[in-house]
Each structure stands twice: as structure tokens, then as C-alpha cells.
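**Student:** Below is a structure I'd like to ask you about.
What follows draws every value from the coordinates through simple rules; no lab data is involved. Here the structure is a predicted model, which means the values were calculated and not measured. For neighbour counting, all protein chains shown are included, and Cβ atoms are generated from backbone atoms with ideal geometry for every residue, glycine included.
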Amino acid sequence: MRILIGDDHVLFREGLRRLLEQLKDGSDFQEASNFNELLDMAAAGETYDLVLTDLRMPGWPGFEGIAMLRERQPDAKVVVVSASEAHGDVRDALERGAAGYIPKSSSVKIMLSALDLIFSGGVYVPPTVLRESVSEPETRSMPPSDPALEQLLTQRQREVLERLREGKSNKQIAHELGLSEGTVKIHMTAIFKSLGVRNRTQAAMAFPQS
């Protein structure tokens, strides 16, 4: 796995590299200390599987920087790792195409779980941000109540949705519920259709947690 890390703090880059070595042995790392350097490395012709970027590092052009990285590395997962946990920052990053947003305050276990989810095809959103989002009427696709949720989804689908909201991958959900990953995917498709959403993030934001 080829990984590109952009952060202006040397100690954090080193810590992140050691953490990522737990994800996959033999990974190849490249590091940048500012956005211009990160962008140059992304455009140098090498193909990366994962690009991790901090926000507001030297040279940071705003959230368009994420789109610029994705343009240069279309096959890579671009993930924000930031000290900011502001809802607006998370929203803007995801809208520009980030595959996830991991707060620097996250534990090692959460970071590894988030990356596992991202490589499973999901989008990682911090649970605290999801809780804030569903409490704001303008971010909810509909104003549901528990009875409405019960009418839209089966018991099993609600169990899948609950674990989706916790940021768990299809593999983790399947293990906890005693299902195959294929069955979980079928439930996901049904949940998206019933809630009128297109992806995991929208589904997680559509209903408040019980």
C-alpha cells in the first residue's frame, strides 16, 4: 500500500506512520510538511492508495485543496486528519470528496476502524458530528419519530442502521449480527431506498439515534 501523508508537525507524521503500519505491513510512505509539497508529490506520477491531509497547514488553499488532491490522485482515498471537529469543516471536506474525516483526538482503535471502514467502501464521519447534525433541522432529510422509523425499516434494518451510525464497516456489522456481508449489503440498499438517501453518510444523518 502506498500512502502519502501531509501534515506540518513532524511528530504527528511519525506517529501516524507507525499507526498505519498496523493497518498493512510493508506500506510505502511519503511525507509532506505543507500543502504545496503535498500537491507536488500527488502530481509527480506516483499512484497512491491513501492520501492523508491536515487542514490549514502552510499553503492550505481551503477545502478546494481536497478536490485538487482527488484530481491528481483519482484512485486514492483522500482522508482528512485534523484537530478541528467543527461540523462545518467535516461537511465541507466531505462535500469536496473526502472519503472520511478523522479527528486527531481519536484513539488508535478508532483511527484504524475508520480506515478499515473507508477501505471497505464507506465514508467515515465522527460520531460526535453525526449527533450534532441530526439535531439541526436543516440537515435532516425528514423529521422522523420512532414510530415513523419502525414503519420505514424492519427490525433487522434498524439494527444495521444503528451500527452504521457507529461508523462500523459492513464486515463488522455482519460479524455482530451473525449475517454474511452480502446480506448486510442487501439491507444497506433497502435502507438507502427507504430513507431516500444515496450513501452511508446521508443514511446516518437522516434519523436521530435512539
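**Student:** Once you have the Cα-Cα distance between Leu112 and Ala44, take 0.36 nm times their residue separation minus that, and quote the gain in nm to one decimal. Intermediate values should be presented prior to the final figure.
**Tutor:** Working: separation 68, 0.36 × 68 = 24.48 nm, distance 2.78 nm.
Using 0.36 nm per residue and subtracting the Cα-Cα distance, I get 21.7 nm.
**Student:** Scan the chain and hand back the longest stretch that contains none of the trypsin sites (Lys or Arg not before Pro) lying in DSSP loops with at most 15 other Cβ atoms within 10 Å.
**Tutor:** Working: sites that count: Lys24, Arg56, Arg140, Arg198.
Between the exposed loop sites, the longest stretch runs 57-139.
**Student:** Could you state the per residue volume, in Å³, of the convex hull enclosing the Cα atoms of segment 28-135?
**Tutor:** Numbers: hull volume 10.9 nm³, N = 108.
Spread over its residues, the Cα hull of segment 28-135 gives 101 Å³ apiece.
**Student:** Further question: Quick one: net charge of Asp7's neighbours, Cβ under 15 Å, K/R +1, D/E -1?
**Tutor:** On the way: positive: Arg13, Arg17, Arg18, Arg56, Lys104; negative: Asp8, Glu14, Glu31, Glu37, Asp54.
Net local charge, Asp7 excluded: 0.
**Student:** Taking springs between alpha-carbon atoms closer than 10 angstrom, which of Glu46, Glu31, Glu95 fluctuates most in the Gaussian network model of the chain?
**Tutor:** The residue that fluctuates most here is Glu46.
**Student:** Set the Förster radius R0 to 35 Å, insert the Cβ-Cβ distance between Asp75 and Gln155 as r into 1/(1 + (r/R0)^6), and round the FRET efficiency to 0.05.
**Tutor:** Working: r = 38 Å, r/R0 = 1.10.
FRET efficiency, Asp75 to Gln155: 0.35.
**Student:** A further question on this structure: Suppose R0 equals 30 Å; then what is the FRET efficiency for Leu177 and Asn199 from their Cβ-Cβ distance, rounded to the nearest 0.05? All intermediate terms of the calculation are to be shown ahead of the outcome.
**Tutor:** Numbers: r = 21 Å, r/R0 = 0.69.
After rounding to 0.05, the efficiency reads 0.90.
**Student:** Work out the length of the dipole vector of segment 2-124 about its Cα centre, built from +1 on the beta-carbon of each Lys and Arg and -1 on the beta-carbon of each Asp and Glu, and round it to the nearest 20 debye.
**Tutor:** Values: 13 positive and 20 negative charges, 58 e Å.
Dipole of segment 2-124, to the nearest 20 debye: 280 debye.
**Student:** Sticking with this structure for a sec: Where nothing but the Cβ of Lys and Arg (+1) and of Asp and Glu (-1) is charged, how large is the charge dipole of the chain around its Cα centre, in debye to the nearest 20? Show your work: numbers first, answer last.
**Tutor:** Working: 25 positive and 30 negative charges, 141 e Å.
Around 680 debye, computed over the chain.
**Student:** Also, I was wondering about something else. How much length, in nm to one decimal, is gained on full extension between Ala86 and Ser105, taken as 0.36 nm per residue of separation minus their Cα-Cα distance? Please report the intermediate quantities before stating the final value.
**Tutor:** Values: separation 19, 0.36 × 19 = 6.84 nm, distance 1.27 nm.
Extra length from Ala86 to Ser105 when fully extended: 5.6 nm.
**Student:** OK, next. Pairs Lys109/Lys171; Lys77/Lys193; Lys109/Lys185: which exceed 19 Å Cα-Cα? Could you put the intermediate results ahead of the total?
**Tutor:** Working: Lys109/Lys171 16 Å; Lys77/Lys193 26 Å; Lys109/Lys185 24 Å.
Where the Cα-Cα span goes over 19 Å, the pairs concerned are Lys77/Lys193; Lys109/Lys185.
**Student:** Is the shape of segment 15-60 best called rounded, prolate or oblate, per the rule: a/c under 1.5 gives rounded, else a/b larger than b/c gives prolate, else oblate, with a ≥ b ≥ c the square roots of the Cα gyration tensor eigenvalues? The partial results should precede the final answer.
**Tutor:** Details: a/c = 2.84, a/b = 1.45, b/c = 1.96.
Oblate, since a/c reaches 1.5 and b/c is not below a/b.
**Student:** Per the Kirkwood formula on distinct C-alpha pairs, the Rh of the chain is how many angstrom?
**Tutor:** On the way: mean 1/r = 0.0559 Å⁻¹.
It works out to 17.9 Å.
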